[in-house]
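The values are calculated or read from the model by the stated rules, or taken from the named source; none is laboratory data. Predicted, not measured: the structure shown is a model, and the values here were computed from it. Ideal geometry is used to build each Cβ from the backbone, glycine not excepted, and the neighbour counts take in all protein chains shown.
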Amino acid sequence: TGGSGTAEANYEVVPLPNEINIKEGIPFTFSGSTRIVYPEGNEKMQRNAEFLAEYMELSTGIKPVVTIDIHDQNAVILSTGLKNENPEAYQITVDEQTIRIDGASEAAVFYGIQTLRKATPVEKKGAVSYAPATIIDAPRFGYRGSMLDIARHFQPVEFVKKYINLLALHNINRFHWHLTDDQGWRIQIDAYPKLTEVGSMRKETVIGRNSGGYDGIPHGGFYTKEELKEIVAYAQERYITVIPEVDLPGHMLAALAAYPELGCTGGPYEVEGSWGVFDDVLCAGNDSTYIFLEAVLTEVMEIFPSEYIHIGGDESPKTRWEECPRCQARIKELGLKDHDGNTAEHYLQSYVTARMEQFLNSHGRRIIGWDEILEGELAPNATVMSWRGMGGGIEAAQMGHDVIMTPTTYAYFDYYQTHNTEEELFGIGGYLPIEQVYSFEPAPETLTPAQRRHILGAQANLWTEYIKTPDHVEYMLLPRLAAMSEVQWMQPEKKDYQQFLKRLPRLLKLYDKLGYNYARHIFDVQATLTSNTDKNALDVEFSTID
Ligand code: NAG
């Protein structure tokens, strides 16, 4: 494609479409006179058309006109006319005169647009030629998630939007937003103003990995309701549902610092400045706890239209509950006993979870919880997010519950990307190279076909104890999120890591164009992992990146 001449599109993008059939014939040429046509009266499709126009301008320097006028010549035509059982299925048909993107829904058209955008080269300004082709595509999983923790380190609204655009680029449709934790409460709640007045600010942060030394610098921040609603709408335009998480009953020190009466000992508590699992959790024997949680969740539901509300449930020590007279009285009142390898206190957490589930179900919402909610008794309608390996998810699926797979071994993007950790930005530890992300199979063979249908999808998690800046967030995500997007989108039999590596450089160029930071040096390591012949191929591919 070097020199003069028209740049050529390449449909082998990330994630790779299910079917790409290239045909004989004259290509379509995108030029200054190409129009993007959307169906009259459909605002979402108009927005889709505008997205495509913006993307094309960034990649080619040409901003096409967006219109409802049907011109059969030299147009990209968007429609929702595709009939398909999968609401996210789309088809792209390219001939000399037109590129048609037909989706089973507006969201599906959006994914067709992402594919077209990624097929479009970014190195050169001017016209682009698209080989005549039919592309048939649909995602494997309906839940394609990415979790961001902004409790440990706060990020401004502008960055959250940039992050959402990044998810869209990878066909991700769920943004799991970890909004509360020991180290900060980040969401405005009118009924409990001290949550943000007190709970959103910690006085300092531990240096390094719990070294014992502190930086003496206050860290904090929170989102107002207006900001949160703005982000929800921003994500919605990009067909991404924001799933808020209020982590309970553990990971609650920031809330306890604001309202110490909600803890078993009554405090005083502080917004935590170090990392780990802390003994002080919400008191499960105190009625005020339930009043508090219902008030918080009521306001959360007002802000977030998502059917799912994530109630956390991870790492909630039972130490305080064992000593607390009110918790013990509640255990007695409920008749909870040690049995089946669980203590009465485990069943007390199950009681808290089930009560929150009942409350949210009665408002038409559903809960997701971390796999600890399997300990004791699983709430009747809960979806389980399996993080301590796949075991919890497998067990839940066997019980007929829905599952989202996000095991540390494949999905924890706070882990290092290479063994050469000296050269990487700081991570929590662990080792999760992109190749391993790519090899992730969220629906294991051990499940029956019926059980496998309970695996709704997979998600990448980014915890941010050691990740302070937007650049660092992007570095941890990229390019591993590209590998995760193929796990989430592609049929497993079509996945091929070596082939993925050949397609990836063009996506990296788009990252550069969009101003995303990514882990560049992992490819030196990657190249040494492959055979010499492959290594040469890779060198050629990747030498074109910089
Ligand atoms: C777990 C914690 C999380 C922490 C992360 C670090 C879950 C569900 N819980 O210990 O708060 O930030 O791992 O990798 O992951």
Check on Ile101, under 29 Å from Phe141 (Cα atoms) and in a strand (DSSP E or B): yes
Taking the stretch 147-180 and keeping only residues that are closer than 13 Å to His310 by Cα and more than 16 Å from the chain's Cα centre (by Cα), one is left with Thr180
Name the single residue, out of those in the stretch 426-475 being basic (Lys, Arg) and either within 15 Å of the ligand (Cβ to nearest atom) or surrounded by 14 or more Cβ atoms within 10 Å (Cβ to Cβ) (or both), that is nearest to Tyr308 (Cα to Cα). Arg452
Are any residues in the stretch 114-146 within 19 Å of the chain's Cα centre (by Cα) and of a type in the set (Lys, Arg), and if so, which ones? Arg140, Arg144
Given (1) under 20 Å from the mean Cα position of the chain (by Cα); (2) assigned to a loop (DSSP other than H, G, I, E, B); (3) away from the ligand (no atom under 15 Å from the Cβ), Gly389 misses just (3)
The one condition Glu96 fails out of (1) among the acidic types (Asp, Glu); (2) closer than 22 Å to Leu16 by Cα; (3) touching a residue at least 60 places away in the same chain (Cβ under 8 Å) is (2)
Can you tell which of Gly61, Gly41, Gly103, Gly81 is at pLDDT 95 or above and touching a Leu at 6+ places or on another chain (Cβ under 7 Å)? Gly103
Conditions (1) within 16 Å of the ligand (Cβ to nearest atom); (2) of a type in the set (Phe, Trp, Tyr); (3) in contact (Cβ under 8 Å) with a residue 60 or more places away in the chain; number of the one not met by Tyr415: (3)
By residue number, the members of the stretch 329-386 that are within 16 Å of the ligand (Cβ to nearest atom), touching a helix residue (DSSP H, G or I) at 6+ places or on another chain (Cβ under 7 Å) and not aliphatic (A, V, I, L, M) are Thr353, Gly369, Asp371, Glu375, Ser386
Since Gly313 meets every condition but one in (1) out of contact with any Phe, Trp or Tyr (no Cβ under 6 Å at 6 or more places or on another chain); (2) closer than 17 Å to Leu348 by Cβ, which condition does it not meet? (1)
In the stretch 186-203, which residues are surrounded by 15 or more Cβ atoms within 10 Å (Cβ to Cβ) and either part of a loop (DSSP other than H, G, I, E, B) or within 16 Å of the ligand (Cβ to nearest atom) (or both)? Arg186, Gln188, Ile189, Tyr192, Val198, Gly199, Ser200, Arg202
If I filter the stretch 449-468 for residues that are part of a helix (DSSP H, G or I) and within 15 Å of Pro407 (Cα to Cα), do I get at least one hit? no
Just one of Pro305, Pro317 is more than 16 Å from the ligand (Cβ to nearest atom), surrounded by fewer than 16 Cβ atoms within 10 Å (Cβ to Cβ) and assigned to a loop (DSSP other than H, G, I, E, B); which is it? Pro305
Complete set of residues in the stretch 2-21 that are surrounded by fewer than 16 Cβ atoms within 10 Å (Cβ to Cβ) and at pLDDT 95 or above: Glu8, Glu12, Glu19, Asn21
Within the stretch 279-298, can you find the residues that are within 16 Å of the ligand (Cβ to nearest atom) and surrounded by fewer than 20 Cβ atoms within 10 Å (Cβ to Cβ)? Asp279
With the structure loaded, tell me whether Ser274 is within 16 Å of the ligand (Cβ to nearest atom), among the hydroxyl-bearing types (Ser, Thr, Tyr) and either surrounded by 15 or more Cβ atoms within 10 Å (Cβ to Cβ) or more than 30 Å from Thr406 (Cα to Cα) (or both) or whether it fails that test. yes
Answer yes or no: is there a residue in the stretch 280-292 that is among the small types (Gly, Ala, Ser) and within 27 Å of Asn461 (Cα to Cα). no
Answer yes or no: is there a residue in the stretch 434-446 that is touching a residue at least 12 places away in the same chain (Cβ under 8 Å) and within 30 Å of Ser362 (Cα to Cα). no
What number of residues in the stretch 237-276 are among the acidic types (Asp, Glu) and either farther than 17 Å from Glu294 by Cα or assigned to a loop (DSSP other than H, G, I, E, B) (or both)? 4
Given the stretch 105-185, what strands (runs of 3 or more DSSP E) lie entirely inside it while holding 3 or more residues that are within 16 Å of the ligand (Cβ to nearest atom)? 143-149, 174-178
Across (1) of a type outside the set (A, V, I, L, M); (2) more than 27 Å from Leu501 (Cβ to Cβ); (3) not in a loop (DSSP other than H, G, I, E, B), Asn21 clears everything bar (2)
